[in-house]
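Pasting in a structure now, in structure tokens, and then I'll have a few things to ask.
FYI, it's all coordinate maths here, none of it is from the lab. Just so we're clear, the structure is a prediction, and the values are computed from it rather than from any experiment. Every residue, glycine among them, receives a Cβ derived from its backbone with ideal geometry; neighbour counts consider all protein chains shown.
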Ligand SMILES: [Zn+2]
């Protein structure tokens, strides 16, 4: 299996591998997970061959295990992403990302007259249509689709 | 967060709406019922709206409450850069209920999240204006004797008119039939059409404000068509007079028909309609007082009907 071969390259002992990130979203994903400032070993690959996506990105980070609420934010920009949790060189957990029901402090409301764009506060969106990826601002009710959402 | 806050009409169940209307009816019969003696009400108008503010302040005064507040954001701390949160927290120290109007959408929802004092939304940008909806419902209820099974025709700016959107949503409990009369540019937005479908509400859409439509209506809800809503001025010139109502158009209308309008009007209802007994928009505005008395009590958790029976 191609995945296995790639995982082996970095020979991660403990940590997280995030696979199947669409290539154009890789750096957004890095930013969203706040990996720019981690001190542990970090391997980022992009434009790798993928049967599913054409080109994919992959993130391998040592000694960091994300909580579901953090990792599921990825669903917003990379719904195809797959999380592999590695302990002692073994994949002990493997699961897709799941879009949470409520997304706090992550998406910008594109309504300039929305209170969230005028007060120092967190935005909050409710997922109103999971299959179509439609989010609605809890404050002004404007809708945005996940593929067009501006990430803060 | 105070659960008696009112941010949007969608927060209210059918039973709550009917209960508020019954309280409004009580206040119409007893307008000076000083049940809020000793209470302080704040009216925070970050955006000026004399009409709404006077209505709320009169309501509070007739209930015996004291009123503090401001009517223009230019004179307040928010013009010095204070956040909405800080203003709400500061005022919360002084009062029992906050009535607020704000130019930003979602401001009232946010305010409820930073205080335990009940908030009444008196309009947040183009978003919500639930007290207008309650007075509209009360006007319909009073003139028709019921809210159930009515044919309601909405005319004019159905795209941006928040009053028609809120009224539409509130009426979902009462099996209405809607007729939406507007030009293409200002037709009812898709989300509200879908709302009708999802809630099994029957509706028809018209570009003609025709005799057929008028003569089959129980309520005609007029709104203003504003020039600034049009991207194409020629289009505005073409349609601006198509949705005006004059008295002769009412000749064959139902006896129970009433004409509503959130006011102020410009020329969408001609002055010759004013003397027709079917013209209801001035009384509608007056109903706003009783509706707001009911809403203030509701926000304070006071049930005037219970109170009244126990006190004789
Ligand atoms: Zn918003």
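Shielding of B:108-114 by partners, i.e. mean partner chain Cβ atoms within 10 Å per residue?
4
Rounding to the nearest 10 and keeping the result within 0 to 90°, find how far the Cα-based axis of helix B:130-144 lies from the longest principal axis of chain B.
That helix lies at roughly 60 degrees to the long axis.
How long are the semi-axes of the equivalent ellipsoid of the protein assembly as shown, taking √(5λ) for every eigenvalue λ of the Cα gyration tensor, in whole Å from largest down?
Semi-axes, largest first: 50, 28, 19 Å.
Using helices alone, what [θ] at 222 nm do you get for the protein assembly as shown, with -39,500 (n - 2.57) per DSSP H run of 4 or more residues, divided over all residues and rounded to the nearest 500?
-8500 deg cm²/dmol
Mind checking B:99-107 for the average number of partner chain beta-carbons within 10 Å of each residue's beta-carbon?
6
Same structure, new question: Test of understanding: in a Gaussian network model of chain A with alpha carbons linked when under 10 Å, which of A:108, A:56, A:122 would top the mean-square fluctuation ranking?
A:122
Hey, rough spin-label estimate for residue A:147 and residue B:29, points 7 angstrom out along Cα→Cβ, what's it come to in nanometres?
Computed distance between label sites residue A:147 and residue B:29 equals 6.0 nm.
What average number of partner chain Cβ atoms lie no more than 10 Å from the Cβ of the residues making up A:138-145? Before the final figure, lay out the partial values.
Numbers: counts 4, 11, 11, 8, 3, 1, 0, 0.
Across the residues of A:138-145, the mean count of other-chain Cβ atoms within 10 Å is 5.
Between helix B:281-299 and chain B, what is the angle of the helix's C-alpha long axis to the longest principal axis, kept within 0 to 90° and rounded to the nearest 10?
Long axis of B:281-299 versus the principal axis of chain B: about 30 degrees.
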